[in-house]
Amino acid sequence: MLELIAPTSCAACAGPEGPLCRSCRRGLPSITWPVAPPDLVRSARALGPYEGQLGQMLRRAKYGPAEHVTRLLAERLALATEDLPGALVVPVPQAPFTTLKRQHEVTLWLAEAVARQHRLPLEEPLRRRGWRRLAGASDAERAELVRHAFHASAPVQGEVLLVDDVLTTGATASACAAELIDAGASAVHLLVVAARDL
């Protein structure tokens, strides 16, 4: 419990200096990079590759609970992002079971930090159907699992900045973008912490 309140180990390398050691803090990216956008997504940017330091931190944030790691990632993503496209920030929703297990919603915390830093409105029009995990699924399985996994519960207007933790195959982003466009979005842009192919 004490480790959650006042972390004494590094969120990236698990060394003795917490919550993030000086070496790992220096190694975190300070800008986002363009990546190939998934279908229906106009542009996409990532803080860095999923391999290495960012991947280690994300796995701790996703499979923790490790709320302090999510806060560190959210802060860095928000500060590293400039000239954001989109007037509305929308997080990719987690399955309710996943949120209960992790005790916090990683993508929502990321989106909130970005919206707060850039003074953009944040809404949660997307809802998740089902609770099947994507971790470990093949590319084809991912595409099938997310095909009807999301729905927009409210209309949206203008350009949307969709925020997620990881870009792997792009199936999740494409499924969310389809729903947002059907709900009225003129364009969907994507911002993630890490991308598999970067």
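The table below lists the values:
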quantity	calculated
Gained length - ARG196 relative to CYS13, 0.36 nm times residue gap less alpha-carbon distance	63.9 nm
Inter-part distance where the range 157-187 and the range 38-61 are each reduced to a Cα centre, Å	15 Å
Segment ARG147-GLU82, length gained on full extension (0.36 nm per residue, minus Cα span)	20.3 nm
Length gained when the stretch SER23-ARG116 is fully extended (0.36 nm per residue, less Cα-Cα span)	30.7 nm
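FYI, it's all coordinate maths here, none of it is from the lab. What you see is a predicted model; the values in this text were computed from it and never measured.
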